[in-house]
Amino acid sequence: MSKIAKNTAFKKAGLWVLFLLLPGNYIQAQTAMVNVESRHLSSLNGEWQVILDPTRIGEWKQVWLEKKPKSKTDFVEYSFDGGPMLKVPGDFNSQLPELTYLEGIVWYKKVFHYKSTTEKRLFLHFGSVNYLADIYLNGEKIGSHEGGFTPFQFEITDKVKEGQNTLIVKADNQRLQNGLPGTGYDWFNFGGITREVNLIETGKIFIEDYSVQLKKGSLNKVLGWVQLNGSNVKQKIKLKIPELNKTYKTESDNKGHASIAFDSNLKLWSPENPKLYKVIIESETDTIVDTIGFRCIEVQGSKVLLNKKEIFFKGVNIHEENPNKGTRAYSKEDALLLLNSAKELGCNLVRLAHYPHNENMIKEAEKLGLMVWNELPIYQHIQFSDSLVPKKMETMLKEMIHRDRNRCGVVIWSLSNETYPGTANRTSALIELTKKCRVLDSTRLINHVINTQSYTNNAFNVSDPLYEYSDLICINEYIGWYIPWQGKPSDVKWKFAYPDKPVFISEFGAEALYGSNEGPTDEASGWTEEYQKQVYIDQLEMFKTIPNLCGISPWLLFDYKSLGRMNQVYQKGYNRKGLLSEKGEKKKAWYIMNEYYKKR
Ligand code: GCU
């Protein structure tokens, strides 16, 4: 090849590499296989070496190459050696004082050993990385992922080496204008490898995904499917429920897809009786074990039915934060702390705000008999007219549904919170997303939450084009806190654009600093418990005026970190709308809610 041609080729190659490094041109990760814990895992959790990169220069230095000096005059101005270690899983902000407020890059490094065998495939699986992740194996970029709250994976069968391998992850929790969420949100932006990292070894052909749930509207018809990966030949498939002595046989087609449909006399899952079955799915080359509950959630007219009986959602909002530690929650212990507190309050539902929480929350909620409201971080100001945003929303939707579709506790997919009808492309983009959600999973309720309802002359007027496509009318309202009452709570009037749909008050409440009981109790600026308690008394009084009320969910269970809350006497960087302080101290309003739920 001539010198000119070589140069041109090099330039093209160089441009290609540059193109890949541009933000937004991420090599997409694969949608993760389901039920990781049932698979052949090698955990990569534990201590990882890190390089802190607050000036974002590590990319230019290409730290993933881990260059070494080549001559006596050579030197390299970065190294993982000599640096700090961080625990994975876990947000990086809470692990080092110098990272407390970082919204930027930390480079993580883990060395692992692997003994490859010809008939195995190997995957690298992340529970989540907030917010952007670039993944390098042995100095080569294997891919990227955007989104801080859903799992992703890469197949590394052909990239992993015999013996020692070096994995480097660039975790970047910078806020993106066209991110999900965007740049403004009322929670702490915990960054890093926030959930587990695993190597997953499978056979050449394995069970990648499956759905086993009751058919919509049925109490005894199980409907579902199994999807094999790596197979274009038919395989015999068995689904077993040992407790029922049930073995259902089917066969996959030449795309690896097998259908499931059978009648069965199942004990149904409910908050009072959270019955779960051991379910075994066998192909000719793989076996997966899951624990699955069966229930039917549906809307009938203005009512919500669980297993054909009307249900009232006694909810509470929860952020993914261990209140006592002030860290991103991720473990089973964190989940049990939050969920047991919701049970003690008297809840039968938890709204996991405002993004998909870790799998421990979903699985432990199901065992405790707590229904789950699962939500995408399509929160307030989103750049719906950015060309990348619709695809990002669809990818995040798929990642959330893929992971949780077999969790019967999940009864609601919530696709947005407090977006604004006036934002360009918002309504059409969210209608599109709602339709895609129904195709992916028609068995659950689908919601959008708004707070743009009008409240004038002590009357609400609730309307939004998204409600035509939503199963429930969900609104956040803070009358008595952000908006003073305009009359008696018992005199409030309501007008709904869709008067026949069930209504869910998905947020209400007020702030109080636990123990703040001095000074006038009728002034909000004292952050007193009495003031918060009165807001709750008035709100519960108002709820009696709402037609078709199917549920409520106070904002929120625990005080939590949010740096925009800057009143340094009362808030100190915390949103104080918790019914409990971050130390778990019950405020007076907690007892009002507890009494209400006990009587409901
Ligand atoms: C909003 C929003 C929450 C926020 C809350 C508040 O409704 O959905 O994320 O924290 O109000 O202002 O405390």
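The numbers here are math on the coordinates, done by the rules we state, and not lab data. In this text, all values refer to a predicted model and were calculated from it rather than measured experimentally. Positions of Cβ are generated from backbone atoms using ideal geometry, with glycine treated the same way; all protein chains shown enter the neighbour counts.
Net charge around TYR210, counting only other residues with Cβ within less than 10 Å of its Cβ (Lys, Arg = +1; Asp, Glu = -1)?
Residues near TYR210 contribute -2 overall.
Give, in nm to one decimal, the length gained when the segment between VAL289 and HIS381 is fully stretched (0.36 nm per residue of separation minus the Cα-Cα distance).
Stretched out fully, the VAL289 to HIS381 stretch lengthens by 29.0 nm.
Give, as ranges by residue number, the residues of the range 213-232 whose backbone N falls under 17 Å from the point 7 Å along Cα→Cβ of ASP263.
The answer is 214-224.
Using the basic label-point model (7 angstrom from Cα toward the beta carbon), what is the GLU333 to LEU96 distance in nanometres?
Output for this residue pair reads 2.4 nm.
Once the dipole of the chain is set up with Lys and Arg at +1 and Asp and Glu at -1 on Cβ about the Cα centre, which of ILE51, THR452, LEU65 lies farthest towards its positive end?
It is LEU65.
Once both labels are modelled 7 Å past Cα along the beta-carbon direction, what's the ALA524-ASN567 spacing in nm?
0.9 nm
Quick one: compute the contact order of the range 108-200, relative version, from alpha carbon pairs under 8 angstrom and 6+ residues apart, as a percent. Working shown, then result.
Working: 185 pairs, mean separation 38.3, N = 93.
RCO, the range 108-200: 41 percent.
With a/c under 1.5 counting as rounded, go ahead and sort the range 266-415 into rounded, prolate or oblate using the C-alpha gyration tensor (a ≥ b ≥ c being the square roots of the eigenvalues; past the cut-off, prolate if a/b is larger than b/c, else oblate).
Rounded shape, in that the Cα axes give a/c under 1.5.
Below 8 Å, C-alpha to C-alpha, sequence gap of six or more: please give me the relative contact order for the chain in percent.
Value for the chain: 11 percent.
Defining a contact as two alpha carbons under 8 Å apart and six or more residues distant in sequence, what relative contact order in percent does the range 335-469 show?
Computed value for the range 335-469: 22 percent relative contact order.
Charges on Cβ only, +1 for Lys and Arg, -1 for Asp and Glu, centred on the Cα centroid of the range 365-419; of MET393, LEU376, ALA365, which one is farthest towards the dipole's positive end?
Of the options given, the answer is ALA365.
Per residue and in Å³, how big is the convex hull formed by the alpha-carbon atoms of the range 206-294?
85 Å³
Please sort by residue number the chymotrypsin sites (Phe, Trp or Tyr not before Pro) in the range 79-148 whose DSSP state is loop and whose Cβ has at most 14 other Cβ atoms within 10 Å. Numbers along the way, then the final one.
Working: sites: PHE80, PHE92, TYR101, TRP107, TYR108, PHE112, TYR114, PHE123, PHE126, TYR131, TYR136; in loops: PHE80, PHE92, TYR101, TYR131.
Of the chymotrypsin sites (Phe, Trp or Tyr not before Pro), the ones in loops of the range 79-148 whose Cβ has at most 14 other Cβ atoms within 10 Å are TYR101.
Quick check for me: using +1 on Lys/Arg Cβ and -1 on Asp/Glu Cβ, what's the dipole size of the range 299-599 about its Cα centre, in debye to the nearest 20?
740 debye
Helix 3-21 versus the longest principal axis of the chain: what angle, 0 to 90°, nearest 10, using Cα atoms?
30 degrees
From the P(r) of the chain, could you give the percentage of C-alpha pairs in the tail past 38 Å?
It works out to 35 percent of all Cα pairs.
Using the Cα gyration tensor of the range 299-599, with a ≥ b ≥ c the square roots of its eigenvalues, what is the shape: rounded (a/c below 1.5), prolate (a/b larger than b/c) or oblate (neither)?
Note, shape of the range 299-599 comes out rounded.
For the Cα atoms of the chain, what angle does the longest principal axis make with the long axis of helix 332-345, in degrees from 0 to 90, nearest 10?
10 degrees
Add -39500 (n - 2.57) for each DSSP H run of 4 or more in the chain, then divide by its residues: what number comes out at 222 nm, to the nearest 500 deg cm²/dmol?
-5500 deg cm²/dmol
Under the 0.36 nm per residue contour assumption, what length would be gained going from the current alpha-carbon distance of LYS275 and LYS115 to full extension?
Residue separation times 0.36 nm, minus the Cα-Cα distance, leaves 53.5 nm.
Under 11 Å from the Cβ of ASN317, count the other residues' Cβ atoms, weight Lys and Arg +1, Asp and Glu -1, and hand me the total.
Once all neighbours under 11 Å are counted, the net charge is 0.
Nearest 20 debye, what's the magnitude of the dipole of the range 206-294 about its Cα centre given +1 on Lys and Arg Cβ and -1 on Asp and Glu Cβ?
320 debye
For GLU541 and GLN177 in one chain, what is 0.36 nm times their gap in residues minus the Cα-Cα distance, to one decimal in nm?
Between GLU541 and GLN177, full extension yields an extra 127.0 nm.
Trypsin sites (Lys or Arg not before Pro), restricted to the range 55-101: which are DSSP loop and have at most 13 other Cβ atoms within 10 Å?
ARG56, LYS70, LYS72
Using the Cα centre of the chain as the reference point, and only Cβ charges (+1 on K/R, -1 on D/E), how large is the resulting charge dipole? Debye, rounded to the nearest 20.
1440 debye
Using 7 Å Cα-to-Cβ label points, what is the LYS367/LYS161 separation (nm, one decimal)?
4.0 nm
Looking at LEU440, HIS319, LEU337, which one has the Cα that reaches farthest to the positive end of the dipole of the range 299-599 (charges on Cβ: Lys, Arg +1; Asp, Glu -1)?
The listed residue farthest towards the positive side: LEU440.
Among SER38, SER562, SER454, rank each residue by its count of other Cβ atoms within 10 Å, from fewest to most, as a rough exposure measure.
Lowest count first: SER454, SER38, SER562.
Enumerate by residue number the trypsin sites (Lys or Arg not before Pro) in the range 455-549 meeting two conditions: DSSP loop (anything except H, G, I, E, B), and at most 14 other Cβ atoms within 10 Å of the site's Cβ.
Taking the range 455-549 and a limit of 14 other Cβ atoms within 10 Å, the loop trypsin sites (Lys or Arg not before Pro) found are LYS544.
Which shape class, rounded, prolate or oblate, goes with the range 6-203 when its Cα gyration tensor gives a ≥ b ≥ c as root eigenvalues, a/c under 1.5 marks rounded, and past that a/b bigger than b/c marks prolate? Provide the component values of the computation, followed by the final result.
Details: a/c = 1.26, a/b = 1.01, b/c = 1.25.
Rounded, because the longest to shortest axis ratio a/c is under 1.5.
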